[in-house]
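Q: I have a structure I would like to understand better, so I am pasting it below and will then ask my questions one at a time.
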Amino acid sequence: MSGDRFKNCFLPTPAGSSSTAIKLLMITVPLILVSFFIFLLVPRNSSYWVYVSPSGNSSTGNFGAVSEEVSTAAEAVAVSGEAALNRSSNKSLDVEAQVMEIHEFDETKEDSLNITTNELNNLNISVTGVPNATIPLNESISLPLKRNRRVRTKLDKLEARLQRARAAIKDAKNSSQLLDPEYVPIGPMYWDAKAFHRSYMEMEKQFKVFVYKEGEPPVFHDGPCKSIYSMEGNFIYQMDVNTKFRTNDPEKAHAFYLPFSVAKMVQFVYLRDSRDFGPIRRTVIDYVNVVSEKYQYWNRSLGADHFMLACHDWGPEASFSNPYLGKNSIRALCNANTSEKFNPVKDVSIPEMNLRTGKLTGLIGGPSASRRPILAFFAGGVHGPIRPILLEHWEGKDDEIKVHKYLPKGINYYEMMRSSKYCLCPSGYEVASPRIIEALYNGCVPVLISKSYVPPFSDVLRWKSFSVVVSVEDIPRLKEILMKISSRQYIRMQRRVLQVRRHFEFHSPPKRFDVFHMILHSIWLRRLNVRVSDGNDVMPN
């Protein structure tokens, strides 16, 4: 019975079989056609998700066969231009590599694959390896586009120009000497005259200094101009009024000047005879904090493109008030003592000048080498460890070596220098001595007697070609050392003194190649030694 019943379900009945078949055909055919059109019209790449594992491999979720869809998308891109995506379902989906390749497609082919330049956080992608991160891939694929070329900042462009200057200076040795209507450095007084000249010309062409405006006189933007520390005040003044090297736009600056005077701090901040260096230290700390909080530039380089200038003996000590100022910044110091952490690679030795009137009137001159009857001369106060040794061995001991604690009445100090072949320049409590510059001014060959002293502008000037260096241990042999120098050699040295003294002359307003420009040039060279980036990275050159 049951079997007969199932037979009746599948076998047509004899009666009315033709009409029934026609009815079934009329119903079935439209259904097949409708199903076919629906199959054609419904989008084939329906929504799905790709899971990016911590290792970067792709796998499917519960939403369908992902690998096949990714392969289909890759083929569509390949048809429009180039094969950019990975077609293999077994390979990992390197999203960043795909983005880079998509970015390189011809812009005229964009219709094939709609790519939008949204930020990375618009995608549900884990870039740190966190699991369960997903990327929705729909009709419009939204991927971050990486630029092939990083946008160059103002600092990048500034550093690029400095790099070209470095290359030009390096190539100067093999190039012809530059023409200069005023002065062309030449001779053995320079380590490399061509390189120095090219470097100086590059400095004149592009070096810009931003002078911080914060701080009030007398400690800031002020300094002594008529004393043994006159270099401090004169340099501060010239930087405040100079329009050639100073810029009011810090974005254009190669270096940043901290315009404080240590000599004025000693006068106005330090409590006399207190031996308490705290007030000076706090003043420097506060000033650096002010400019670092107000501007971005100190923190950007940790002070490596900043500089200070001090001629007071306590200049080095003041610089160590801030660890980055002492360690990273360019320190232009008269007290250039390597035993007190003076670093010739980044620091600058500047001359100590005693400008009693603030001018050079009457300070420069002297007869020729043949009209100097005195072999050597010194007169000065007894302080420090070296001068007592000099006086012990030579004061009143030899008619050709005139060594005095105090000059006899009626004898002019500068006239004695101009009558001497060699001028003795022993260090006092500190290594620097104004006698070095006084000797050059008066055409007298300086004799440097010191320990751990780096003479001014030693990066450019070859001091042994126009001066004599005597160790403290050789003070008893001083006459013997000087007498061994032949007359011809002495005359050459004396002529070189006359040539290089232009680099130590003070002028207001400054003149090319004078002491102001030489200090700036030494700072310029130190600035070329580092490269600064916006990422707080400072690299030695």
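The values are calculated or read from the model by the stated rules, or taken from the named source; none is laboratory data. Quick caveat: nothing in here was measured; it's all calculated off a predicted structure. Cβ atoms come from the backbone with ideal geometry, glycine included; neighbour counts cover every protein chain shown. In case anyone asks, the SASA skips ligands and DNA or RNA and just uses the protein heavy atoms, side chains included. Shrake-Rupley method; radii C 1.70, N 1.55, O 1.52, S 1.80 Å.
Q: How big is the charge dipole of the stretch 201-349 about its Cα centre, in debye rounded to the nearest 20, if each Lys and Arg gets +1 on its Cβ and each Asp and Glu gets -1 on its Cβ?
A: About 140 debye.
Q: Then there is this: Could you check how much of the accessible area of the stretch 180-287 is carbon and sulfur, as a whole percent, using a 1.4 Å probe?
A: Result for the stretch 180-287: 53 percent of the exposed heavy-atom area is carbon or sulfur.
Q: Using 30 Å as the Cα-Cα cut-off, could you pick out the over-long pairs in Lys226/Lys397; Lys264/Lys359; Lys359/Lys421?
A: Lys226/Lys397
Q: Moving on. Share of the stretch 484-535's accessible area from carbon and sulfur, percent, 1.4 Å?
A: Heavy-atom surface of the stretch 484-535 belonging to carbon and sulfur, 1.4 Å probe: 46 percent.
Q: Please name which of Phe466, Tyr413, Leu375 has its Cα lying farthest along the dipole of the stretch 374-504 towards the positive end, using unit charges on Cβ (Lys, Arg +1; Asp, Glu -1) and the Cα centre as origin.
A: Checked the options; the winner is Phe466.
Q: Keeping every protein chain present and rolling a 1.4 Å probe, give me the accessible area per residue for the stretch 156-204 in Å².
A: Here the per-residue accessible area is 54 Å².
Q: May I pose another question? Determine Rg/Rh for the stretch 374-504; Rg is computed over alpha-carbon atoms and Rh is the Kirkwood hydrodynamic estimate from the same atoms.
A: 0.93
Q: Give, rounded to the nearest 20 debye, the magnitude of the charge dipole that the stretch 374-504 has about its Cα centre when Lys and Arg contribute +1 at Cβ and Asp and Glu contribute -1 at Cβ.
A: Dipole of the stretch 374-504, to the nearest 20 debye: 540 debye.
Q: Any idea what the dipole of the stretch 282-331 comes to, in debye rounded to 20, about its Cα centre with Lys/Arg Cβ at +1 and Asp/Glu Cβ at -1?
A: Roughly 140 debye, rounded to the nearest 20.
Q: Let me ask you something else. Which cross-chain or sequence-distant (5 or more) residues have an amide H under 5 Å from the amide H of Asp222, H modelled 1.01 Å from N in plane?
A: Residues meeting the criterion, in which the H sits 1.01 Å from N, are Ser261.
Q: I need the peptides 412-425, 356-369 ranked by packing, meaning the mean over residues of other C-beta atoms within 10 angstrom, with the highest value on top.
A: Per-residue Cβ counts within 10 Å, averaged per peptide and sorted highest first, yield 412-425, 356-369.
Q: What's the whole-number percent of alpha carbon pairs in the stretch 434-504 lying beyond 16 angstrom?
A: Roughly 48 percent, once rounded to a whole number.
Q: Please list, ordered by chain and number, the residues whose modelled amide H lies under 5 Å from the amide H of Glu352; skip anything fewer than 5 residues away on the same chain.
A: Here the answer is Ser433, since their amide H atoms fall under 5 Å of that of Glu352.
Q: Excluding residues fewer than 8 places away in the same chain, name every one of the lysines whose C-alpha is closer than 18 Å to that of Lys157.
A: Lys205, Lys208, Lys252
Q: What order do you get for 257-268, 208-219 when each peptide is scored by the mean count of other beta carbon atoms within 10 Å, highest first?
A: Result, highest mean first: 257-268, 208-219.
Q: So, in Å, what gap is there between the alpha-carbon centers of the stretch 260-286 and the stretch 190-252?
A: 23 Å
Q: Ok, one more. May I ask you to give the solvent-accessible area per residue for the stretch 374-504, in square angstrom, as obtained with a 1.4 angstrom probe?
A: Dividing the accessible area of the stretch 374-504 by its residue count gives 42 Å².
Q: Something else now. Under a cut-off of 19 Å between alpha-carbon atoms, report the lysines in cross-link reach of Lys451, not counting same-chain residues fewer than 8 places apart.
A: Output for Lys451: Lys341, Lys464.
Q: Using only the alpha carbons of the stretch 156-204, determine the length spanned along each of the three principal axes and report them from longest to shortest in whole angstroms.
A: 37, 21, 17
Q: Would you kindly derive the ³J(HN,Hα) couplings of the stretch 519-530 from the backbone phi angles with the Karplus curve 6.51 cos²θ - 1.76 cosθ + 1.60 (θ = phi - 60°), listing them in order in whole Hz, with x for Gly and Pro?
A: For the stretch 519-530, the Karplus-derived couplings read 5, 4, 5, 5, 5, 4, 4, 5, 5, 5, 7, 10 Hz, x marking Gly and Pro.
Q: Show the residues, 5+ positions off or on another chain, whose built amide H is closer than 5 Å to the amide H of Tyr190.
A: Under 5 Å from the amide H of Tyr190 lie the amide H atoms of Arg462, each far enough along the sequence or on another chain.
Q: Using mean Cβ contacts within 10 Å as the protection proxy, how do 437-450, 518-531, 456-469 order, highest first?
A: Descending packing order for the listed peptides: 437-450, 518-531, 456-469.
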